[in-house]
Structures are given as C-alpha cells and as structure tokens.
Amino acid sequence: MADSAAAAGDGGWPEPVVRVQALSESGAATIPDRYVRPETERPSSSEANAVANINIPVVDMSSSPGTAAAAVAEACREWGFFQAVNHGVAPALLRRARGVWRGFFQQPMEVKQRYGNSPATYEGYGSRLGVDKGAILDWGDYYFLHVRPPHLLSPHKWPHLPPDLRETTAEYSEEVRRLCERLMAVMAVGLGVEEERLQEAFGGGEGAGVCVRVNYYPRCPQPDLTLGLSSHSDPGGMTVLLVDDRVKGLQVRHTGAWVTVDPVPDAFIINVGDQIQVVTNALYRSVEHRVVVNAAEERLSIATFYNPRSDLPVAPLPELVSPERTPLYSPMTFDDYRLYIRRNGPRGKSQVDRLAAATIPNSTTTTQ
C-alpha cells in the first residue's frame, strides 16, 4: 500500500505511516500481519473472562453535591470509570461534534493527509502511537489537537473541512473544560479534602492543559485478531469521552475481566488518568481499558484529556499521606511522563506502576 491514498511520508515516524481507513476501504478480506495481536491479547481470547450484565457506574451530576461526590468517589475507587449524566453540556452540541468529525474522516484522503502528524507532538492526523519500528499496530486512525494552554494551540492544525468543524470543536472543548473543572471539585470533595485541592495540584484552572483526540475505527474484516486501541491506562489527569452513539467498542478491565461499556445516551464516560492516581496516592486508580473493532460498522469517539500543567511536578497531596499510607510516588512533571509514554506507546498499566515507590495496596481492580 505505497500510493498516496494509503501511505504518508515518515514525518519523523520510524517507517511510512499507513492509514487504516485506506486498508479498510481496499476491500481486502484479511488484515496485514502488522495488526495481528498475539493470541493472549486478542478479543476472542478473553471471551471466557467476559462479564455479562454489568456496566460501569452511572452518576447523576444534577444530584445534591454530597450525593454526587460520594457516587463519584466510589466509582473512582472501585472502577476508575463512570458515566456522567445530566452533566450540563447540551445534547445538540454532542451531536454536532460527532457530526463534524465524521465529516472530516469522510473527506478525500488527500485532504486529510495535509494534516499528517509527527511523533514530536502527535498533533494532527495520525495512525499510530509509539515509535518502535516493527511494533504491532492498532486498527484505528485519529486526530489530535491541543486546546490549552493557548501557546500550544496550533491553528494551522485545525482542519478547515467541514466548514463548521473549527467553531464546533472550539465550543465543544470549552464546554468540556468547564465540566472537567466541576468534576475535579467533586472528586476532591469525595476524597475529603478541600474542593480546590486537585485543581491546585494541576496548576489551577489557567495552568491545566486540555487536548482532544478524535478516534476513528474503520470496519475491520478480522476484528477477532486485532484491537482498535491497545490496552492502556490514560497518562494524563482525567479523560472525558464522548462515544459513538451507535456502536459499542470500549472495554474496561475490572476484577480480572473485560467489561464492554454500554453507553447511556448523551452521557460522558469519565475515567481517572495516571496523574490523578499519583495526586490521590492511588486512592483513585487509573484503569486499563481497550477498544475492540467491528466488521460491520465504523466507530468514532471524541476523547478530551484534562492534564496538569506540563512543567509542574506532580506528587501525592500531603493530606493523603500518613504513616500508615506513605507516598507511593516521587514527584515527576507531566512533560517527562508524557515523553516516556509517547516513546513507548500504550502498554497496559506498566507505565504508571513503574513510578510507584512502593507496592500499591488493596486495589479492588485487577490491572495486570
């Protein structure tokens, strides 16, 4: 697949980048070997461990502050994930955001290629994570954008097609940023600390970083052999995910099994990232998750990442450290941690677990 519709110049990548959408649309009945997972990592190998009739918790954000804080805290401790309903972001805006990005991925390949990314920042149109030559690849393309802080925003990387994509994405990301600030306060109250403490640990509202990754998972002729996104925990602070309104695909690791998330209409899926695990001294846990793909349907999701100020050392809050619960992590900036992740790509929970200064006790969620 060396023509311009399928492969991009290296752009700093260790080998030419192949667009998964082009592979899908080629009509091939099999997937290239580069996308075939080892047997133990394939979705089909986990069927015996699949959990039926269970879903991640649902939290009503319009309930009383104490009720919401207790529900969020329980979800963050037990699952690392929850669905937020009545969150205050208009359903019409959610539909517009999905619509403009579906429109982008339906553009001709030469239009999308103008925005091809590099591993230096990942910003733009991409098809791989990590820079290991010969690595097994995921069955998905994506688009990554920096939103905040303002000096990282690159207007030339924001697509001009569809015509309302830029305006819609800016409005959507601002609404989700405000939701993240509310969630940070609710999470803090659930920990028993002052509601501004998590936000302060991230550098305050103006210091926190916001970026968006739109994930596009094309139809796959052999979905049992591959993954749309490898198992990983999110490296940042918190992720707010708007999933496809038609097709399931997100799976969360819980008590040793993969749980397929059944999305509530117009909900956001919220998950704890590695940085909140560090700040809370592992009282809230980031959790391994992955994406499976589909032979009949494409799938699109929009992930908004809310992160600490990149040059600020992140460490457990003093209020959450005691002689009985010593600090599990040494200070590290998000810049340093993110660089490590970008070099290595998604690798389960091994990244954050390496940071621990001691074994994390009493986890209710199996992530190995």
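The values are calculated or read from the model by the stated rules, or taken from the named source; none is laboratory data. Note that the coordinates shown come from a computational prediction; the quantities given were computed from them, not determined experimentally. Here Cβ is always computed from backbone atoms with ideal geometry, including for glycine, and neighbour counts include all displayed protein chains. The area values use the complete protein model at the heavy-atom level, side chains included, leaving out ligands, DNA and RNA. Shrake-Rupley method; radii C 1.70, N 1.55, O 1.52, S 1.80 Å.
Does segment 173-190 contain any residue that is open to solvent by less than 30 Å² (accessible area, probe 1.4 Å) and over 22 Å from ALA267 (Cα atoms)? Looking for residues that are open to solvent by less than 30 Å² (accessible area, probe 1.4 Å) and over 22 Å from ALA267 (Cα atoms), one finds none in segment 173-190, hence no. Residue check: ALA303 meets all listed conditions (1) outside any loop (DSSP other than H, G, I, E, B); (2) modelled with pLDDT of 95 or more; (3) out of contact with any Leu (no Cβ under 6 Å at 6 or more places or on another chain) but one, namely (3).
Determine, yes or no, whether VAL176 is in a strand (DSSP E or B) and among the β-branched types (Val, Ile, Thr). No; evaluated as a whole, the condition is false for this residue. Selection of first residues in segment 295-323 that are closer than 27 Å to VAL189 by Cβ and of second residues that are modelled with pLDDT under 95 and acidic (Asp, Glu), restricted to Cβ pairs under 8 Å at least 6 apart or on distinct chains, gives the following pairs, ordered by first then second residue: PHE305/ASP234; SER310/ASP335.
Need pairs with beta-carbon distance below 8 Å; first residue under 13 Å from ASP266 (Cα atoms) and within segment 225-246, second assigned to a loop (DSSP other than H, G, I, E, B) and of a type in the set (Gly, Ala, Ser); sequence gap 6+ or separate chains. Short answer, once both residue conditions are applied: VAL243/GLY249. Residues in segment 312-368 that are of a type in the set (Val, Ile, Thr) and surrounded by fewer than 15 Cβ atoms within 10 Å (Cβ to Cβ) were compared, and the one that is modelled with the lowest pLDDT is THR366.
For segment 232-252, which positions are charged (D, E, K, R) and open to solvent by less than 40 Å² (accessible area, probe 1.4 Å)? It would help to see each step written out before you state the result.
Taking segment 232-252 and keeping what is charged (D, E, K, R), we get 234, 244-246, 248.
Hits for segment 232-252 are ASP234, ASP244.
For the structure I just gave you, tell me whether ARG213 is open to solvent by 20 Å² or more (accessible area, probe 1.4 Å) and either over 22 Å from ARG98 (Cα atoms) or assigned to a helix (DSSP H, G or I) (or both). For ARG213, the condition - open to solvent by 20 Å² or more (accessible area, probe 1.4 Å) and either over 22 Å from ARG98 (Cα atoms) or assigned to a helix (DSSP H, G or I) (or both) - is not met.
Residues in segment 253-263 that are of a type outside the set (D, E, K, R) and open to solvent by less than 50 Å² (accessible area, probe 1.4 Å): HIS254, GLY256, ALA257, TRP258, VAL259, VAL261, PRO263. Here ASP164 fulfils each of the conditions (1) modelled with pLDDT of 95 or more; (2) in contact with a Pro (Cβ under 7 Å, 6 or more places away or on another chain) apart from (2). Here VAL261 qualifies as closer than 20 Å to ASP60 by Cα and aliphatic (A, V, I, L, M).
Within this structure, SER286 fails the test of being open to solvent by 20 Å² or more (accessible area, probe 1.4 Å) and of a type in the set (Ser, Thr, Tyr).
Being without any contact (Cβ under 8 Å) to a residue 40 or more places away in the chain and open to solvent by 50 Å² or more (accessible area, probe 1.4 Å) is the filter here; which residues of segment 135-158 pass it? Steps first, please.
Filtering segment 135-158 for residues without any contact (Cβ under 8 Å) to a residue 40 or more places away in the chain gives 150-151, 153-156, 158.
Of everything in segment 135-158, those that are without any contact (Cβ under 8 Å) to a residue 40 or more places away in the chain and open to solvent by 50 Å² or more (accessible area, probe 1.4 Å) turn out to be PRO150, HIS151, LEU153, PRO155, HIS156.
Within segment 179-206, restricting attention to residues that are without any contact (Cβ under 8 Å) to a residue 40 or more places away in the chain and of a type in the set (D, E, K, R), the residue that is nearest to ILE302 (Cα to Cα) is GLU181.
Would it be correct to say that LEU179 is touching a Phe, Trp or Tyr at 6+ places or on another chain (Cβ under 9 Å) and under 30 Å from GLU78 (Cβ atoms)? Explain how you work it out, then say what you get.
Numbers: touching a Phe, Trp or Tyr at 6+ places or on another chain (Cβ under 9 Å): yes; under 30 Å from GLU78 (Cβ atoms): yes.
Considered against the rule, which asks whether it is touching a Phe, Trp or Tyr at 6+ places or on another chain (Cβ under 9 Å) and under 30 Å from GLU78 (Cβ atoms), LEU179 comes out as yes.
Pick out the one residue from ASP234, ASP266 that is of a type in the set (Asp, Glu) and more than 17 Å from the chain's Cα centre (by Cα). Steps first, answer last, please.
Values: ASP234 fails: more than 17 Å from the chain's Cα centre (by Cα).
It is ASP266.
Can you find a residue in segment 114-131 that is modelled with pLDDT of 95 or more, open to solvent by 20 Å² or more (accessible area, probe 1.4 Å) and touching a Ser or Thr at 6+ places or on another chain (Cβ under 8 Å)? No; the residues of segment 114-131 include none that is modelled with pLDDT of 95 or more, open to solvent by 20 Å² or more (accessible area, probe 1.4 Å) and touching a Ser or Thr at 6+ places or on another chain (Cβ under 8 Å).
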